[in-house]
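This report concerns only the one structure given below.
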Amino acid sequence: MKKISLFLLLSLLSLSIFAQISTEKVEEGFKILEEVDNQMAYKGDYSCTASIIIQKPGKPNENLQYKMYERIGKEIFTMVQIFPDADKGKGYLKDGDNIWAYDPIGRKFSHSSLKDALGDSDINVDDMSNDDKRYRNNYNITDSHDEKLGNYDVTVLTLEAKTSKPAYDKTILYIRKDVKLILKQCDYSSSGRLMRTILIPKYAKTEKGYVGYHNIIRDELNPGEQTQQIISDLSFDALPDKIFTKAYLEGLN
């Protein structure tokens, strides 16, 4: 019995040491993610135009365009479709945990989700938001290690969803070590299947910080299908409160 008790004691001690190291790695990972957010230009109010190009084999490209308004730290944003004309005025409004989709034809709001796709693209509503607390609030970090991605040394973080908000159950991020910027993101289903890959090859540095202005989102379930997102008309001017209301969306049409 003494031998068994000693074995159990040593096992518990080793697990405790592992847990302590794991906890340190987790906190280190969240600090890296916070550095990523601090490097980005999205602080306070901002607005931009998001152009989306949907590419599918054997089909002509489909173009969508949205105007984005967001107030970082307050969990509010408004998104309005401005192209094509047939869908002009469709929009989304987020206030905390509440998300509404607006239909200008029926002039009706319906509860929506961050997981909703924009048109027939591989972009979700959640991808358009830059909430600076999304990582700590919605994910556990389950792995952290270093790799080489092209010419860059990167930290690879595996995030697993702990709430129902994320669109995917597991996300792996490849983050530059020299300047904390996300270069690649892989999203997986609950069964472990790779659903999509996001590449962010181009960043621009503004007076407020970095902007990933060209994203490529590859549909891993349908080879050859991808969506490109290009950010333009970026402004950090203060936005009036009325933009973040249902009345604003209703008044556009």
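The values are calculated or read from the model by the stated rules, or taken from the named source; none is laboratory data. Since we're looking at a predicted model, the values are computed, not measured. So basically every Cβ, Gly included, is an ideal-geometry build from the backbone, and we count neighbours across all protein chains shown. Side chains included, ligands, DNA and RNA excluded: accessible areas come from the protein's heavy atoms. Shrake-Rupley method; radii C 1.70, N 1.55, O 1.52, S 1.80 Å.
Take the residues in the range 107-150 that are within 14 Å of Leu93 (Cα to Cα) and of a type in the set (A, V, I, L, M); name whichever of them is modelled with the highest pLDDT.
Selected residue: Leu118.
So how many residues does the range 96-126 have that are of a type in the set (D, E, K, R) and on the phi > 0 side of the Ramachandran plot?
So the answer is 1.
Ile123 - would you say it is closer than 26 Å to Thr197 by Cα and in contact with a Leu (Cβ under 7 Å, 6 or more places away or on another chain)?
When the stated conditions are applied, Ile123 does not pass them.
I'd like to verify a number: residues in the range 210-245 that are closer than 17 Å to Met68 by Cβ, touching a strand residue (DSSP E or B) at 6+ places or on another chain (Cβ under 6 Å) and either outside any strand (DSSP E or B) or of a type in the set (Gly, Ala, Ser) (or both), how many?
The qualifying residues number 8.
Which of (1) exposed (fewer than 15 other Cβ atoms within 10 Å of the Cβ); (2) closer than 22 Å to Ile72 by Cα; (3) touching a Lys or Arg at 6+ places or on another chain (Cβ under 7 Å) is the odd one out, the single condition Asp153 does not satisfy?
Single failed check for Asp153: (2).
Determine which single condition Leu12 fails, assuming it passes every other condition in (1) farther than 27 Å from Tyr135 by Cα; (2) at pLDDT 90 or above.
All conditions pass for Leu12, except number (2).
Just give me the residues in the range 165-204 being open to solvent by 30 Å² or more (accessible area, probe 1.4 Å) and touching a residue at least 40 places away in the same chain (Cβ under 8 Å), in sequence order.
Lys165, Ala167, Val179, Lys180, listed by residue number.
Do you know which of the residues in the range 92-110 that are closer than 23 Å to Asp122 by Cβ and touching an Asp or Glu at 6+ places or on another chain (Cβ under 9 Å) is surrounded by the fewest Cβ atoms within 10 Å (Cβ to Cβ)?
Selected residue: Ser110.
Only one residue in Gly119, Gly89 is closer than 14 Å to Tyr66 by Cβ, open to solvent by 40 Å² or more (accessible area, probe 1.4 Å), assigned to a loop (DSSP other than H, G, I, E, B) and not charged (D, E, K, R), so which one is that?
Gly119
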